[in-house]
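Rule-based calculations on the coordinates, nothing more; no lab input. Since the structure is predicted, the reported quantities are computational estimates derived from the model, not experimental observations. Cβ placement follows ideal geometry from the backbone for every residue including glycine, while neighbour counts extend to all protein chains displayed.
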Amino acid sequence: YFYVLFVANDQHKSYIYRTNDPYKSNWERLTVFDENFFHDASLLFDNDGRVYVVYGNSNIYITELEPDLSDVKEGGANQLLISYPNEGYNLKGEGAHIYHIGDYYYILVIDWPRDPGCRTETCWRSKDLLGPYESKIVLQGKFDGRNDGVAQGAIVETQYGDWYAMMFQDHGAVGRIPTLQPVTWVDGWPIMGDNGVPMKEVTINLTAEGEDYVWANDEFDSDKLALVWQWNHKPMNEAWSLTERPGWMRLHAASIASSIADARNTLTQRSVGPQSVSEVLLDASGLQPGDRAGLCAFQSNNCSVGVEVAEDGSKSLVIRENKRGTRMVPGQKREPGKRPMMERFETNDVVYSEPLKSEKVWLKLDFVFTPAEGTLREADTVTASWSYDGESWETTDYSLKISFTLDFFTGYRPAIYN
């Protein structure tokens, strides 16, 4: 079996799923832990048949599970393994990955020392599962011109005996990007990158396999959705179709939404850096009064270009800016030492509007995360444009400054919505 363990933050529950074929959608929900919130957890199936979960934030804990993973094992190991000091860190240890390799137990964690001020991968090891553990920094430094650092992930051995680490970097509005770092074992420590410094270019002793879905052009000519797509919510399957009109993705407006954040059947995929363009052809002939459909640069703060239908049936090409956040409740006086009252807000402003000139309109989003050398574009921006023939494009001087925010916790995605 293959197992997946994860937590649902909003529910404060932990889940385990399993399958004997990870290439098919037949994952079985094995266990729900109602009382155990295993933050940033990993599983260890040890050599003696016992099973453990290692998890935590600031403090790293271990809890033993029943051998069939059905519950926490009564009387089993359940204790603190690693404790970070109170001072000196912007982020204390989390993202634990535990391994039993040779004579040692290894726990890889991400932390963020204030000096030198970038995310760091720290390895803890012990010959005894329950410790004590000693630590060593195994990856630390700038990557791709950014001081965000590279850390948090897993190590793996290939069939040829080579070791690699798959680590991520917070890379601005494009989100968390994967990096592959070589691993060299030095005195029993898995040192990553170039002697502990992240590398941008790595030579891999493996044959390339599979397909690149990122750059695929999707004509929606299959009755199945390509793997590159992701629904923003669990979809209403009765309200979308690839077969009602072959060659088109049809989205029905099946529920009332206040904004795109709660619009069901919003179809998305990840944007790509350093620059990428998303383009769709929209047939607006089926839209009804009150409907909005189009293309959105989707995250907490977003912008969209699309068609809106007024109550009298007239249609407009509209660019909107939608922002969400918190702000101080109006009318307060700032008092020293007292925290002001805050409120959540959402804006949904029309940036540009014109009467729609044709039922079919091409829509485009131009993402720039890292500007090309010699251009005037600003980093982490997106602009919207439209065309009635797919060749000559119109735009405005408006662009949205975009960023990675923790309320949505993902990079920007182009989204098709209705």
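With charges only on Cβ, +1 for K and R and -1 for D and E, what is the dipole size of the chain about its Cα centre, in debye, rounded to 20?
Taking the Cα centre of the chain as origin, the dipole is about 1120 debye.
Give me the extension gain from LYS357 to MET236: residue separation times 0.36 nm, minus the current Cα-Cα distance, reported in nm with one decimal.
Length gained, LYS357 through MET236: 40.4 nm.
Would you mind calculating the gained length between GLU279 and HIS252 on full extension (0.36 nm times residue separation, minus the Cα-Cα distance), in nm to one decimal?
So the extension gain works out to 7.7 nm.
With unit charges on the beta carbon (Lys/Arg positive, Asp/Glu negative), name the residue among ASN57, PRO246, GLN152 whose Cα is farthest towards the positive pole of the charge dipole of the chain.
Projecting each Cα onto the dipole axis, the largest value belongs to ASN57.
Give me the dipole magnitude in Debye, nearest 20, for segment 1-96 about the Cα centre, with unit charges on the beta carbon: positive for Lys and Arg, negative for Asp and Glu.
With Lys and Arg at +1 and Asp and Glu at -1, about 220 debye.
Among VAL307, LEU317, ALA297, whose Cα sits farthest toward the positive end of the charge dipole of segment 249-322 (+1 at Cβ of Lys/Arg, -1 at Cβ of Asp/Glu, about the Cα centre)?
ALA297
Name the residue from PRO340, THR396, LEU365 whose Cα lies farthest towards the positive end of the charge dipole of segment 327-414, charges +1 on Cβ of Lys and Arg and -1 on Cβ of Asp and Glu.
Value computed over the given set: PRO340.
Could you tell me the relative contact order of the chain? Use alpha-carbon pairs under 8 Å, at least six residues apart, and round to a whole percent.
9 percent
Please list, or write none, the lysines whose alpha carbon is within less than 29 Å of the alpha carbon of LYS234, excluding same-chain residues fewer than 8 places away.
LYS13, LYS24, LYS224, LYS323, LYS360, LYS364, LYS401
Considering only C-alpha atoms, what is the centroid distance from segment 111-163 to segment 300-331, in Å?
Taking the Cα centre of segment 300-331 as reference, the centre of segment 111-163 is 43 Å away.
Which of the GluC sites (Glu not before Pro) found in segment 236-302 are in a DSSP loop and have at most 14 neighbouring Cβ atoms, other than their own, within 10 Å?
Hits after loop and neighbour filter: GLU244.
Just want to confirm a number: the relative contact order over segment 91-247, from Cα pairs under 8 angstrom separated by 6+ residues, in percent.
Contact order relative to length: 13 percent.
As an exercise, identify the trypsin sites (Lys or Arg not before Pro) in segment 348-412 lying in DSSP coil whose Cβ has no more than 15 other Cβ atoms within 10 Å.
When the trypsin sites (Lys or Arg not before Pro) of segment 348-412 are filtered for loop state and at most 15 Cβ neighbours within 10 Å, LYS357, ARG377 remain.
How about segment 1-98: which GluC sites (Glu not before Pro) there lie in a loop by DSSP and see at most 16 other Cβ atoms within 10 Å?
Here the sparse-neighbourhood loop sites are GLU35, GLU74, GLU87.
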